[in-house]
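Participant: My questions all concern the structure below.
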Amino acid sequence: MSVVRTPLLAVTVLAALLTGCGGDPAEGLQDSRRTVRAGVEDVASSLGGTAELVDAAGQWSVCSAGSSDRVEYAASLGLRAQGDPVALVRAVGERLGEDGWEVTDEGDASVNLERDGVRVGARPSVAEDDQVVVEVSGGCVDGSRDDVDSLDPEPVDVG
């Protein structure tokens, strides 16, 4: 199934990059959101059986301020660790690496990966001792600070 999504993901990322520069900002926002959500589906599929998924939500945030606001859509997955959360972070990095994600940075308790313009970061949760947070993001696009301020986090369906 991920073989079908990977080319689609690459095309979607390219479309998001093209529309983010001079295209319709609303279209660029939707493309970015779709790209991240496709990345979430790929990550969830790759991690199937690794840990229990306890929540998934997406949210817009402001990347920069000034005369031209830039915004970013990111989704967070909460995974319940069956033991040491740091061991689960390492397992996330290994599993995604096996599925073609490139490790861009690895710390003692975190890992960052990238594929097709989508970034993934995993680290133990600060709020929940028995959970790991996996964040999927796609980069900044043209948008409006006002729109971001009015949006609440939204659930993300991972299949």
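Participant: Could you give me the ³J(HN,Hα) list for region 44-55, computed from phi with Karplus coefficients 6.51, -1.76, 1.60 and θ = phi - 60°, whole Hz, x at Gly and Pro?
Facilitator: Once rounded to whole Hz, the list reads 4, 5, 5, 8, x, x, 6, 7, 6, 7, 9, 6.
Participant: If you take the alpha carbon radius of gyration of region 25-150 and divide it by 2.2 N^0.38 Å, what ratio comes out, to two decimals?
Facilitator: Normalised Cα radius of gyration, region 25-150: 1.08.
Participant: Please work out how much length the chain gains when fully extended from residue 82 to residue 108, using 0.36 nm per residue of separation minus the C-alpha to C-alpha distance, in nm with one decimal.
Facilitator: Roughly 7.5 nm would be gained on extension.
Participant: Where the centroid of each part is defined by its Cα atoms, how far is region 107-146 from region 42-83 in Å?
Facilitator: Rounded to whole Å, the Cα centres lie 6 Å apart.
Participant: Further question on the same structure: Gain in length, residue 54 to residue 98, computed as 0.36 nm per residue apart minus the alpha-carbon separation, to one decimal in nm?
Facilitator: 13.5 nm
Participant: Amide H to amide H under 5 Å from residue 118: which residues, 5+ apart in sequence or cross-chain, H placed 1.01 Å off N in plane?
Facilitator: Close amide H contacts, sequence-distant or interchain: none at all.
Participant: Right, something else. Highest mean first, how do 104-115, 132-143 rank when packing is the count of other Cβ atoms within 10 Å averaged over residues?
Facilitator: Ranked from most to least packed, the peptides come out as 132-143, 104-115.
Participant: Follow-up question, since we're still on this one. How many percent of the accessible area of region 25-150 is carbon or sulfur, using a 1.4 Å probe?
Facilitator: 41 percent
Participant: Next question. Just add up the charged neighbours of residue 54: K/R +1, D/E -1, any other residue whose Cβ is under 10 Å from the Cβ of residue 54.
Facilitator: Local charge sum for residue 54: -3.
Participant: Please compute the net charge surrounding residue 130, taking Lys and Arg as +1 and Asp and Glu as -1 over other residues with Cβ under 11 Å from its Cβ.
Facilitator: Computed value for this residue: -3.
The values are calculated or read from the model by the stated rules, or taken from the named source; none is laboratory data. All values reported here derive from a predicted model rather than from experimental measurement. Don't worry about glycine lacking a Cβ; one is built from the backbone with ideal geometry, like all the others, and counts go over all protein chains shown. Ligands, DNA and RNA are stripped out before the accessible areas are found, and what is left, the full protein with its side chains, is counted by its heavy atoms. Shrake-Rupley method; radii C 1.70, N 1.55, O 1.52, S 1.80 Å.
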